[in-house]
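First the structure, in the form of structure tokens, and then the observations on it.
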Amino acid sequence: MGQQYWIILTSDKVAAELLQKRGGKYSSRMPNYYFYQVLSRSKGFIGCSYNERYRKLTPIMHGILGQRNVKEKSDLIDLEYRILMQNLYQASININDGFYPKKYLQLAALNIITLICVARRIENIEDSSFKYFENFQKSHLEFVKVTNRLGDFFPILKWFSGNKFYNKVIEHRNTLESFYGSFVKEVKDDKEKKPCAIRDLLNKVDEGILDELDIVHMTDNIFSAGTDTISASLTWIVAALANNPQVQSKAHEELDRVVGQSRLPTISDEPNIPYIRAIIKEGQRYCGPTHLGIPHYIEEDDEYNGYHIPANSAVVLNIYGIHMDEKRYENPKEFKPERFLGITERSAILANGNYENRDHFSFGAGRRLCTGIHLAELELLLGVSRLLWSFKIENASPLGKDGKPIPINLDKARLGITVWPEEYHVKLVKRHDNVEKILFDISQ
Ligand code: HEM
């Protein structure tokens, strides 16, 4: 595209051979990927090239988002997903004819990240900081969208647009730095010195590894990568479940048999609820929150299978393409959790092994594999198991000619770095008389 080479990998085998096996070459990021960051003094973590700096930042990010820290935070995460169910329960009572659950799901995901980074939470979707974040995130994603940065690839376009876009980028960068800068200030000013990720990062300033601007951009990265990905995943899965009541029935049967109706599912149920696990994996495959992930980048020439791959090419993992590959997944356009029933390992384990045994490619591939994968898997498990434990999800779309609600159109997507379904409406019907008592019983 213009002066930039793009290599799109739609074969699972080629993706594994280049991104995994030749990870030393294929793990950089496009130098102009976060265009506004080029103009700043820090490239955060996600946009960082595969260099010494990235190798220094990786253990720090793994310390914050790795399995051990996620385990330590599991009580907070558990509580947040109970509160999410309470909020959905209240919404289902207050809004009789169905509603779009997106904002409630966004609030839960945002609260997990706010708890991890700043050690506090946002009360509800009417809170001004929730609304501010929602708007900020929307404009942020607009800025990083490739289609809004065509001047990076066709420099002549920069001549036509003059300084207009450049000035907007600077303005946005200033907003970003003051928004996340205020979180850093909040942690520095906290007299109780509550433990949190930003405090851990600030300690690295004392050790001379980071400066405060790095922390601001790394905080932005954690918020950007860790909120919409989870809430979009859950928003898609709710829609897929509404279209597939037979899948819900099987999940309800499993939950009633394994968990019963007198407590909520917890993380320790994971090994015993294979159908729920399969729904989550199928959700990531069939309607995952990113289609193309984050482009990798190669800084030196390479040869593969007779192809010349020039230095400075963007190398894109076509996650959607691989997920719709008939050779890999039979009838890929069907939402069929059964295809994953034999797979017991988590994606975090499978992603580092042989590509043929991977469940899906939603978390990327190779050395830039999603750092939040452990947190993501925990959140999806609690989110999906508790939704299905509490509710029957009914499609509340207008009725079609056959007298049944028109199925939610899952082929229509709002495209961007994170992919969302078109707005839809569902009714959440409580599944049994214990739901209210258990959801609101804080001794549980
Ligand atoms: C279902 C949820 C999620 C999905 C599908 C997802 C997907 C992805 C993908 C596709 C990438 C790019 C991988 C590559 O370049 O090959 C990525 C990177 C990343 N993700 Fe996630 N992610 C999710 C949740 C999270 C969460 C909860 C966090 C926590 C903050 C997170 C943090 C990150 C970070 C820091 C990176 C950058 C890794 C690097 O550049 O080395 N993600 N994610």
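The values are calculated or read from the model by the stated rules, or taken from the named source; none is laboratory data. Nothing here was measured: the structure is a model prediction, and the numbers come from that model. Here the Cβ is made from the backbone with ideal geometry for all residues, glycine too, and neighbour counts use every protein chain on show. Ligands, DNA and RNA are excluded from the accessible area calculation, which covers all protein heavy atoms including side chains. Shrake-Rupley method; radii C 1.70, N 1.55, O 1.52, S 1.80 Å.
Numbers at a glance
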read-out	value
At R0 = 51 Å, FRET efficiency that the Cβ-Cβ distance of residue 148 and residue 257 yields, to 0.05	0.55
In nm, spacing of pseudo-spin labels at residue 325 and residue 189 (7 Å Cα→C-beta vector)	5.2
Residue 266/residue 157 FRET efficiency (R0 60 Å; Cβ-Cβ; nearest 0.05)	0.70
Ordering of 299-308, 245-254 by packing [mean C-beta count within 10 Å, highest first]	245-254, 299-308
Calculated [θ] (222 nm, deg cm²/dmol) that DSSP helices of n ≥ 4 give over the chain, each run adding -39,500 (n - 2.57)	-15500 deg cm²/dmol
Reach of residue 427 by Cα under 15 Å, taken over aspartates and glutamates that are not fewer than 8 positions away in the same chain	97, 394
The chain: Cα Rg divided by the 2.2 N^0.38 Å rule of thumb	0.99
Percent antiparallel among DSSP beta bridges (both partners in the chain, rounded to 5)	80
GluC sites (Glu not before Pro) restricted to DSSP loop in segment 385-444 with at most 14 other C-beta within 10 Å	422, 423
Packing-based ranking, highest mean first, of 165-177, 219-231, 181-193 given that Cβ atoms within 10 Å are counted	219-231, 165-177, 181-193
Whichever lysines have a C-alpha closer than 30 Å to that of residue 327, once near sequence neighbours (fewer than 8 apart) are set aside	13, 21, 25, 250, 281, 336, 412
Stretch gain in nm, segment residue 413-residue 120, where the contour uses 0.36 nm per residue and the Cα spacing is subtracted	102.2 nm
Amide H within-cut-off set for residue 290, under 5 Å, with H built and near neighbours excluded	419
Cα long-axis angle, helix 102-118 against the chain (0 to 90 degrees, to the nearest 10)	60
Cα-based helix-to-principal-axis angle, 228-243 vs the chain, degrees rounded to 10	40
Straight-distance crosslink candidates among aspartates and glutamates, where the alpha carbon sits under 13 Å from residue 138 and sequence neighbours closer than 8 are dropped	228
Kirkwood hydrodynamic radius over Cα pairs of segment 139-238, then Stokes diffusion coefficient at 4 °C and 1.567 mPa s, in µm²/s	81
Inter-label distance for residue 95 and residue 212, nm, one decimal - labels placed 7 Å from Cα along Cα-to-Cβ	4.0
Nitroxide proxy distance, nm - points 7 Å out along Cα→Cβ at residue 354 and residue 182	5.3
Whole-percent carbon and sulfur share, accessible surface of segment 6-440, 1.4 Å	52
Å² per residue, accessible surface of segment 6-440 at 1.4 Å	45
Rounded Å value of the spacing that divides the Cα centres of segment 392-444 and segment 238-291	14
C-alpha long axis of helix 52-65 to longest principal axis of the chain, angle in °	10
Contour excess over end-to-end distance, with Cα ends at residue 203 and residue 56 and 0.36 nm allotted per residue	51.5 nm
Burial ranking of peptide ranges 314-322, 280-288, 259-267 (average Cβ count within 10 Å, highest at the top)	280-288, 314-322, 259-267
Amide H contacts of residue 313 (H built 1.01 Å from N, under 5 Å, at least 5 apart or other chain)	298
Computed lengthening from residue 78 to residue 127, 0.36 nm per intervening residue step minus Cα-Cα distance	15.5 nm
